[in-house]
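Here is the structure we will look at.
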Amino acid sequence: MATQSAYNVQLATDAGSGVIVGAAVLNEGSDKGRQAETMEEQVESRSGARPQDYLIDGGFAELDTITTLTKRKLTVYAPLREPKSATGTGSSPKDGDSPEVAAWRQRMETEEGKSLYKLRAATAEWANAQVRCHGLRSFTVRGLGMALSVVFLVAIAHNLTRWAALAT
């Protein structure tokens, strides 16, 4: 019996322009893990600049990732998880929290933090929807390298339309 691989496409999008600045294809079904760190490294190596603020998906919001990205001088914005007990809040310090995680928890309880994180939906989810509109719903190629090539072509098409829109 043949099995079909599932690919998980990750995009990094500039919040100001809507331009896709990073792309990755994984053969993992979940966003959990260290993809946020890998994507940040990719964006820096391609653009020569490191973002100051990083709006990451809740699936990327692993505590180790938040600590690592903050130590790289990024301000991380990611949703707080619901507390497991009725006595605490998502911003309550937890045993074993690094200073970076504690600062993130407090930042995400502020109106400014919540407001800034809302940009993620208008940026990342919009770019994902645009990529789907360009026809990327499934892959007709095999292998991560070929799937990534397809994603790059779609990202180039997306970016060309964004640059044309931004020029007017």
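Values quoted throughout were computed directly from the atomic coordinates according to the rules given, and no laboratory measurement underlies them. Just so it is clear, the model here is predicted, and its values are computed rather than measured. Positions of Cβ are generated from backbone atoms using ideal geometry, with glycine treated the same way; all protein chains shown enter the neighbour counts.
Tabulated results
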{"quantity": "Environment charge at Arg46 (Cβ cut-off 14 Å; Lys +1, Arg +1, Asp -1, Glu -1)", "calculated": "-3"}
{"quantity": "J(HN,Hα) series, the range 120-133, from Karplus relation 6.51 cos²θ - 1.76 cosθ + 1.60, nearest Hz, glycine and proline x", "calculated": "4, 5, 6, 9, 5, 5, 5, 4, 4, 5, 4, 4, 5, 5"}
{"quantity": "Residues whose placed amide H lies under 5 Å from that of Gly22, excluding near-sequence neighbours", "calculated": "Ala12"}
{"quantity": "Isotropic mean projected area of the C-alpha convex hull, the range 100-168 (nm²)", "calculated": "7.2"}
{"quantity": "Sparse-neighbourhood loop sites, trypsin sites (Lys or Arg not before Pro) in the range 87-167 - DSSP loop, at most 11 other Cβ within 10 angstrom", "calculated": "Arg137, Arg142"}
{"quantity": "Spacing of the two label points (7 Å from each Cα toward its C-beta) at Thr140 and Gln52, in nm", "calculated": "4.5"}
{"quantity": "Neighbour net charge for Lys118 - beta-carbon separation under 15 angstrom, K R +1, D E -1", "calculated": "-3"}
{"quantity": "Theoretical FRET efficiency, 1/(1+(r/R0)^6), r = Cβ-Cβ of Asp64 and Leu166, R0 25 Å, to 0.05", "calculated": "0.10"}
{"quantity": "Most fluctuating residue given options Met108, Met39, Met146, as computed from a GNM of the chain linking Cα atoms under 10 Å", "calculated": "Met146"}
{"quantity": "Helix 144-167 axis, angle to the chain major axis (alpha carbon atoms, nearest 10°)", "calculated": "80"}
{"quantity": "Per-residue [θ]222 nm for the chain (sum of -39500 (n - 2.57) over DSSP H runs n ≥ 4, rounded to 500)", "calculated": "-14000 deg cm²/dmol"}
{"quantity": "Simple spin-label estimate for Ser98 and Ala6 in nanometres, 7 Å along Cα-Cβ", "calculated": "3.0"}
{"quantity": "Rounded tilt (10° steps) of 35-47 against the dominant C-alpha axis of the chain", "calculated": "60"}
{"quantity": "Exposure proxy order (Cβ contacts within 10 Å, fewest to most) of Val141, Val154", "calculated": "Val141, Val154"}
{"quantity": "FRET efficiency for Glu111 and Cys133, using Cβ-Cβ distance with R0 set to 35 Å, rounded to 0.05", "calculated": "0.60"}
{"quantity": "Residue of Thr65, Thr110, Thr140 that the Gaussian network model of the chain assigns the largest fluctuation, springs spanning Cα pairs under 10 Å", "calculated": "Thr140"}
